[in-house]
Amino acid sequence: DIVFDDTGEFVFSGGSDNILSIWTLKDGELALFDQADLGIRINNLAYDPSTKSVAVAAGSNVVTFLDMTDVISGGTDFGFAQGIVHDREINNLTYSTSGKYIATSSVNGEVQVTDDVGNTIFHSYDLDVMVSKMAFTMDAKFLMMMDLEGTARLVDLTRKEIVEEFTAHDNTVFAMAFGPTSEGVEVSSSGGISHGIGRWGARAGRAMAR
């Protein structure tokens with residue numbers, strides 16, 4: 001996986017080699033800043049602009065956080081801490097745009113949404129299939145989850161419950177993103193056996209374009 005920081009000057013990457021790499025990007029040149037061997041494969045990365053940290057899902061049931069505050073301010077020090085815990089291995093995580101919420105999912109279908117002070121906003125053990133992609137609306141009022149079977153579920157974070165469920169694809173969803181506003185809660189996704197792309201009015205489970 002690969003993510004940028006909010007300044008566009010740092011890039012973070014990681015994968016099956018267990019190595020988390022920090023890169024600098026200046027004047028169009030990419031240079032290796034530092035690396036850390038986590039000793040376990042890296043499934044997913046997400047960057048939080050509010051805390052200047054990278055959340056890492058790395059082959060375990062605990063989220064690892066990389067604190068980049070000093071580095072982004074011009075220093076050289078970074079540190080690791082562990083946080084959110086699931087029952088099984090965490091496969092996916094994503095932040096809301098402001099960093100107020102982080103959503104995490106694990107291989108047994110467990111999903112958690114945690115706020116920026118550590119409170120659990122939403123927690124579900126009810127899914128019987130692994131979630132493959134998640135995304136927040138821009139205002140972080142909703143979270144969309146799509147899974148290995150192509151099912152989409154919309155979570156209302158104010159009500160703290162799933163409010164819509166519909167079939168988006170006929171198999172695994174590979175990518176998903178909301179538009180720049182929440183009006184109509186429009187989300188685009190790709191996946192399925194046909195690798196199709198769909199655009200959805202998520203509040204009604206209605207296909208707007210396919």
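The values are calculated or read from the model by the stated rules, or taken from the named source; none is laboratory data. What you are looking at is a predicted structure, and each value in this text was computed from that prediction instead of being measured. Glycine gets a Cβ as well: all are built from the backbone with ideal geometry, and neighbour counts include every protein chain shown. For accessibility, only protein heavy atoms count, side chains too; no ligands or nucleic acids. Shrake-Rupley method; radii C 1.70, N 1.55, O 1.52, S 1.80 Å.
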If you stretched the chain out fully between Asp126 and Phe80, how much longer would it get, using 0.36 nm times the residue separation minus the C-alpha to C-alpha distance?
13.4 nm
Spin-label model distance (nm) - Asp1 vs Lys160, 7 Å beyond Cα toward Cβ:
2.6
Using only protein heavy atoms and a 1.4 Å probe, report how much of Lys100 is accessible, in Å² to the nearest 10.
100
Distance (nanometres) between label positions extended 7 Å along Cα→Cβ at Leu148 and Thr51
2.9
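What order do Thr94, Thr76, Thr104 take when sorted by accessible area (1.4 Å probe), most exposed first?
Working: Thr94 30, Thr76 95, Thr104 0 Å².
Of Thr94, Thr76, Thr104, the descending order of accessible area is Thr76, Thr94, Thr104.
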Which order do you get for Lys133, Lys160 if you rank them by accessible area with a 1.4 Å probe, largest at the top?
Lys160, Lys133
Would you mind telling me which residue in Thr97, Thr24, Thr114 has the biggest mean-square fluctuation in a Gaussian network model of the chain, where springs connect alpha carbons within a distance under 10 angstrom?
Thr24
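What's the magnitude of the charge dipole for the chain around its Cα centre, counting Lys and Arg as +1 and Asp and Glu as -1 at the beta-carbon? Answer in Debye, nearest 20.
620
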With each pseudo-label sitting 7 Å past Cα toward Cβ, what's the Thr167-His195 distance in nm, one decimal?
2.3
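Please calculate how many Å² of accessible area the stretch 128-173 carries per residue, with a 1.4 Å probe and no DNA, RNA or ligand atoms counted. Mind showing how you got there, number by number?
Details: 1920 Å² over 46 residues.
On a per-residue basis, 42 Å².
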Of the heavy-atom accessible surface of the stretch 121-174 (probe 1.4 angstrom), what whole percent is carbon and sulfur?
43
Can you put Met130, Met138 in order of accessible area, largest first, using a 1.4 Å probe?
Met138, Met130
